1. Residues of the stretch B:108-138 being within 23 Å of B:His185 (Cα to Cα) and either away from ligand 1 (no atom under 16 Å from the Cβ) or modelled with pLDDT of 95 or more (or both), which ones?
2. When you scan the stretch B:155-171, do you find a residue that is within 14 Å of chain C (Cβ to nearest Cβ) and more than 16 Å from ligand 1 (Cβ to nearest atom), even just one?
3. With respect to the numbered conditions (1) under 27 Å from the mean Cα position of the chain (by Cα); (2) not in a loop (DSSP other than H, G, I, E, B), which one is the sole condition not fulfilled by B:Gly144?
4. Just one of B:Gly39, B:Gly49 is at the interface with chain C (Cβ under 8 Å from one of its Cβ atoms), within 16 Å of ligand 1 (Cβ to nearest atom) and within 17 Å of B:Phe151 (Cα to Cα); which is it?
5. For the stretch A:40-92, how many residues meet the condition of being among the aromatic types (Phe, Trp, Tyr), within 12 Å of another protein chain (Cβ to nearest Cβ) and assigned to a helix (DSSP H, G or I)?
6. Within the stretch C:169-198, track down each residue that is within 11 Å of another protein chain (Cβ to nearest Cβ) and closer than 25 Å to C:Leu106 by Cβ.
7. Do we have any residue at all in the stretch C:76-99 that's part of a helix (DSSP H, G or I) and within 12 Å of the chain's Cα centre (by Cα)?
8. Would a scan of the stretch C:41-52 turn up a residue that is away from chain B (no Cβ under 14 Å), assigned to a helix (DSSP H, G or I) and crowded, with 17+ Cβ neighbours inside 10 Å?
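The values are calculated or read from the model by the stated rules, or taken from the named source; none is laboratory data. Given the structure is predicted, the values throughout are model-derived calculations rather than measurements. So basically every Cβ, Gly included, is an ideal-geometry build from the backbone, and we count neighbours across all protein chains shown.
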Amino acid sequence: MTLLAVERIKLFSTRSPWWCMLAALAVTCGFTALITGTSGDDYPVSVQTTQFASNFGLMVILVMAALAVTTEYRFGTIRATFQAVPNRTAVLLAKTGVVALLAGVVGEVVAFASWGIGKVMRPSADLALNSAADWRHVAGVGLVFAVGAVLAVAVGTLVRHTAGAVTLLLVWALLVETLLSALPTVGEKIQPWLPFNAASNFMLMGGTPPPGASVVSQPYGPWGALAYFTGVAAAGLVITIVVANRRDA
Amino acid sequence: MIEAVGLTKRYGRTVAVDNLSFTVKPGRVTGFLGPNGAGKSTTMRMILGLDRPDAGQVRIDGKTYHQLDRPLRTVGALLDAKWVHPNRSARAHLRWLARSNGLPNRRVGEVLELVGLTSVADRRAGGFSLGMSQRLGIAAALLGDPQILLFDEPVNGLDPEGIHWIRQLMKRLAAEGRTVFVSSHLLSEMAQTAQDLVVVGRGRLIAQCTTAEFVDTASETSVRVRSPQLDRLREVLLRKGYALHVEPGVDGNALVVTGSVTSEQVGEIAAEQDVVLHELSVRRGSLEEAFMRLTGDSVEYRTDGQGPAGPAAAGSEDLMVAGGVNR
Amino acid sequence: MSVLGAERIKLFSTKSPWWSSLATVVFVVGFGMIFLLTTASLVREDGPAVPFRVGVSTTQQGIFFGQMVILVMAALAITTEYRFNTIKTTFQAIPGRTSVMLSKALIIGLLAAVLGEIAAFASWGLGRLLVTDFDLTIRTADQWRQVAGAGLVFAITAIIGLAVGALTRHTAGAVTALLVWAMLGEQLIGAIPRVGDKIQPWLPFNAGGHFLGVGPNQNEGAQTGTDLPYNAWGAVAYFAGVAVVLFLVAVLVVNRRDA
Ligand SMILES: Nc1ncnc2c1ncn2[C@@H]1O[C@H](COP(=O)(O)OP(=O)(O)OP(=O)(O)O)[C@@H](O)[C@H]1O
Ligand SMILES: [Mg+2]
């Protein structure tokens, strides 16, 4: 418990998490407003379209989570941390827990705010959360943010270098996965097993896809997709903990 | 020669430097003295054109920093020894600096030799100890063989040998006719190196004078007398309005007369009264304490428009005795 | 000239430009080859029925990757100066901040251009070695542009990275803004109902990609050029224009504020 408190204090006493949270909320909601505003009869607003921009928030949250560790390495505070609490596994778990929780909360706020924007701007559109799938489309965003944060903490700890970790995460999530899925023939087969693709599959499966998204049959159901994404993140975390325990702080 | 006129710098609501004017002359070490947060580093950054003054200006040999062609040949500065890319070697750091001002590459080797870093020149600067970083910073300052040198708290974190080395270096540079401007928050440090002082507190000028003058005016003097007729002398002095107290010591009790008093005055009074004196000595209060008294109340001091604070309160007298330095 | 020399020493005396250079070339060539080989095998099996063609530009599909690394490298070239406060030392040595910024732009732009040419021609050359049953000879002016144009696009990309780095002065902030914009922002804006299509040509990285005929929104054989408001050279001119404007703003801001 104390460890959690320590990590919470550390996280909130610097400025970058606040900036990231603000950016995640502002960019996502702003973009949702833009989409909702330009929608019309030919492009009706659905529950899913209100979450169309959640990827913006996810990227910013990945950066926030990676920074939570890389800045500790940059400023050498990680040494102070490991000196105060020699149990590195506990430290990393606490840090991951706090960051993931925060990411989850930000995700829910972003998701419901975006949904709310849709509701307010298009009161006539069918935005009621009727089905379990509807709920998953919105509330699922928080889960994806939380798991994504775990993955980002793992990458940040392994790389220990801000620019490197951020570039790796963003280029992987936004470019490598897109390009790999776009490969002729094999792309479709690889696509479900790319972690961030699995995450968006979890959020989007079922219901009417937003404009531009193609529907591909998946080897798993939505919860299977999330389980896979979580599995990847957990594996990353385990590797990180092993490595962090081995090397010099 | 550095001339600052009416320098003012605000950061939001903090006034870091407030209408500061002073001149720094060549051929001498000028100390820039003030407590933490007095605005010394800010002033130095403005001298170097790094921060823009909100008002006023500072000129170097009559030019602003931006008008200097190849400024490292005119002004060398060590503001913060950690302003080095940690993954760049010491030699590479000096090499790009040299190149930027068209200085020959051999200067790099020369200054490295001068500061004694030749053997570690190719190691990454991030792994340097504080002393080594400081030496690298000094090497960078000396690179252009400039006539004007600025050092911001150069002895911070150095070992005695390093401190001695820097002091000697600064004196030597001044003796060569250069302008040397060094900041510090320790008056005792400045007393050992600087001939002139620019004293600031809360961003304002408190004094610009020679170190000796500052020490004379700023530090409280008192006169200590020992006499077999101590009670008689005490009565007379009290009647004449002098502030004093009795100080017990190994050689018997002594009187300490404080306030604006000279040993001549006390001696003459004693002679008038035929009082035998066993000791008559002047002593100066702690420089640090005097400095704190001046800079700590700098605002009050400025509005009074008087000279350095008059007879001190009893509290600070005790301080003075406790931390006193006999001269 | 001396300012240029100083910036050159500065850039190459740390490790990150070397790593970035290596990463640029490896990623461009690596992904280009993966794409080329899978496309080629598909076309071999299924013949002309598939919506893909194998040509010179198929070897260049990794270019966008390299562009992202260039963005990061260029931003780092200035944000690390702020992080380690060497920017103060720099402006102390060279008070003319405009000339510092121009030198940086020139050095980093030149490096990016060289890397672009190396990466593009390496992709093309390796592609020709690996895939011999398709015609990968560079013949037309368009094909020359698609390969040799990489250097120009990379140089412009570097200027944008530098400008954003100078404006934010913060590594993570600059890198996030640049990458999220280039990889996600432009995609999503292009997907906005109705107006997206009209805005898309005016999104800078889209325009740059159009010049090379690569990027997430481009594909060999996809008829992108028809309803665009510019031709390939117009696209790159627009991309360069955005870079110049950003850079001018950055220079102005750098001159105004405290170091
Ligand atoms: N970049 C800045 N932003 C905001 N405030 C600043 C900045 N630089 C200095 N200050 C403020 O200006 C005042 C003067 O600071 P400065 O660093 O110049 O003092 P100093 O005399 O060098 O102190 P020290 O002896 O501790 O080095 C301080 O109150 C400080 O907080
Ligand atoms: Mg200071």
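1. B:Ser129, B:Gly131, B:Met132, B:Ser133, B:Arg135, B:Leu136, B:Ile138, listed by residue number.
2. Taking every residue of the stretch B:155-171 in turn, none turns out to be within 14 Å of chain C (Cβ to nearest Cβ) and more than 16 Å from ligand 1 (Cβ to nearest atom).
3. Going through the list (1) under 27 Å from the mean Cα position of the chain (by Cα); (2) not in a loop (DSSP other than H, G, I, E, B), B:Gly144 breaks only (2).
4. Working: B:Gly39 fails: at the interface with chain C (Cβ under 8 Å from one of its Cβ atoms).
Going through B:Gly39, B:Gly49 in turn, just one is at the interface with chain C (Cβ under 8 Å from one of its Cβ atoms), within 16 Å of ligand 1 (Cβ to nearest atom) and within 17 Å of B:Phe151 (Cα to Cα): B:Gly49.
5. Residues flagged as among the aromatic types (Phe, Trp, Tyr), within 12 Å of another protein chain (Cβ to nearest Cβ) and assigned to a helix (DSSP H, G or I) within the stretch A:40-92 amount to 1.
6. C:His170, C:Thr171, C:Gly173, C:Ala174, C:Val175, C:Ala177, C:Leu178, C:Leu179, C:Trp181, C:Ala182
7. Looking for residues that are part of a helix (DSSP H, G or I) and within 12 Å of the chain's Cα centre (by Cα), one finds none in the stretch C:76-99, hence no.
8. yes
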